[in-house]
Amino acid sequence: ATPMSVMVGVGRAAGAGVLVKDAQAMERLEKVDTVVVDKTGTLTQGRPELTDIHAVEGADPTRVLRLAAALERSSEHPLAHAVVTAADSQPDARTAGGPVVSDFAAPAGRGVSGVVDGHRVLVGSAAHLREHDVDPSPLEGDADRVRAGAATGVLVAVDGAPAAVLAIADPIRQTTAEALAALRADGLEVVMLTGDAHATAAAVAGQVGIDRFEAEVTPERKHEVVAELRARGRVVAMVGDGVNDAPALAAADVGVAMGTGTDVALESAGVTLLQADLTALVRARRLSRATMRNIR
Ligand code: ADP
Ligand code: MG
């Protein structure tokens, strides 16, 4: 049975913008000493926008954008949405009802591939290009410059040749730095995990004061990191928003979903931050402490 004061705590948390599904999460929150956070959509707004196209010499940026968007139309990834939105805003790149796409594939955590109007197109990470025997190195200088600015560099290849880097920016949420500082002040360790490239992860981590992070991780690896920390005696809260965070959310002592997240993330978590504001987690933790003190 759940003590009355825990129910009161759950009610107070709701008033503070934190939905606690599982009363045990309310009790465990107090003991959390490690907070694992996803980057995209958790520390950042999760509404990425295309800001620039760095095409190789001889490649037409508008054509590259159109070809990339033709494929991304079939993807639900937030990066895909940024590419399609940018293409649709340019008459010469618009794809609706246009190009014929065949052979579409979307390997998770890599990107998309397919044939657009007879051209083989790859959009995604450097590893994605390599897996299709395209050498990404001519694009890596531009990609690194994009990443140093905390944006994501998405690579595009056309007919087996590197064509362009799409710079896609996803601003850090206004409340992120303040919330992380409060968690650290309470003595918690913060670890960031992201599927994005190392250089982008390093830039974001630097801006919000995180010194422990891992980049280019798969959903399985996120789960593994949480499990490893727990095996070493850490009490772990995992905060995420995406399908790729769901296994880690379920494996944590307390799974925390951003209210703006995907359904799978919300279902895997015991706690939801309704306003997608990390400072609500700080409040919830303090409420948990007050609640448990009432019981003892
Ligand atoms: P995250 O959302 O945490 O960055 P993902 O695992 O979803 O992680 O993706 C990892 C990387 O794979 C992305 O940063 C991007 O480089 C690439 N990627 C995945 N899906 C797409 C896509 N639809 N279009 C372009 N790039 C993609
Ligand atoms: Mg995310």
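The values are calculated or read from the model by the stated rules, or taken from the named source; none is laboratory data. Predicted model, so just to flag it, every value in this text is computed and none were measured. With ideal geometry, Cβ positions are generated from the backbone for all residues, glycine too; neighbour counts draw on all protein chains shown.
Report whether or not ALA265 is farther than 20 Å from LEU183 by Cα, assigned by TED's automatic domain parsing to the domain that holds ASP38 and under 14 Å from the mean Cα position of the chain (by Cα). The answer is yes for ALA265. Of all residues in the stretch 236-259, those that are at pLDDT 90 or above and not in a strand (DSSP E or B) total 11.
Using the structure shown, decide if GLY46 is over 30 Å from ILE295 (Cα atoms), of a type outside the set (Val, Ile, Thr) and in a helix (DSSP H, G or I).
No: the conditions fail for GLY46.
Here is the figure for the stretch 90-108: residues that are within 14 Å of ALA68 (Cβ to Cβ) and assigned to a loop (DSSP other than H, G, I, E, B) total 8.
Are there any pairs with C-beta distances below 8 angstrom linking a residue in the stretch 111-132 that is in contact (Cβ under 8 Å) with a residue 40 or more places away in the chain to a residue that is among the polar types (S, T, N, Q) and assigned to a strand (DSSP E or B), with the two at least 6 apart or on different chains, and if so which? These pairs meet every condition: GLY114/SER102; ARG120/SER113; VAL121/SER113; VAL123/SER113.
Checking ALA215 against (1) crowded, with 16+ Cβ neighbours inside 10 Å; (2) touching a strand residue (DSSP E or B) at 6+ places or on another chain (Cβ under 7 Å), only one condition comes out false. Which one? If we test ALA215 against (1) crowded, with 16+ Cβ neighbours inside 10 Å; (2) touching a strand residue (DSSP E or B) at 6+ places or on another chain (Cβ under 7 Å), just (2) comes out false. Would you confirm whether any residue within the stretch 9-28 is under 30 Å from VAL226 (Cα atoms), assigned by TED's automatic domain parsing to the domain that holds GLY195, within 16 Å of ligand 2 (Cβ to nearest atom) and touching a residue at least 60 places away in the same chain (Cβ under 8 Å)? The answer is no; no qualifying residue exists.
Summed over the stretch 53-76, the residues that are charged (D, E, K, R) and surrounded by fewer than 18 Cβ atoms within 10 Å (Cβ to Cβ) give a count of 4. Exactly one residue out of VAL84, VAL18, VAL35, VAL56 is in contact with a strand residue (DSSP E or B) (Cβ under 8 Å, 6 or more places away or on another chain) and farther than 24 Å from ALA246 by Cα, and it is VAL56.
In the stretch 227-269, what residues are farther than 22 Å from THR200 by Cα, crowded, with 24+ Cβ neighbours inside 10 Å and within 16 Å of ligand 2 (Cβ to nearest atom)?
Matches in the stretch 227-269: ALA237, ALA246, LEU249, ALA252, GLY255, VAL256, ALA257, ALA265, ALA269.
Inspect all residues belonging to the stretch 148-157 and state whether any of them is over 19 Å from ALA215 (Cβ atoms), outside any helix (DSSP H, G or I) and modelled with pLDDT under 95. There is no residue in the stretch 148-157 that is over 19 Å from ALA215 (Cβ atoms), outside any helix (DSSP H, G or I) and modelled with pLDDT under 95.
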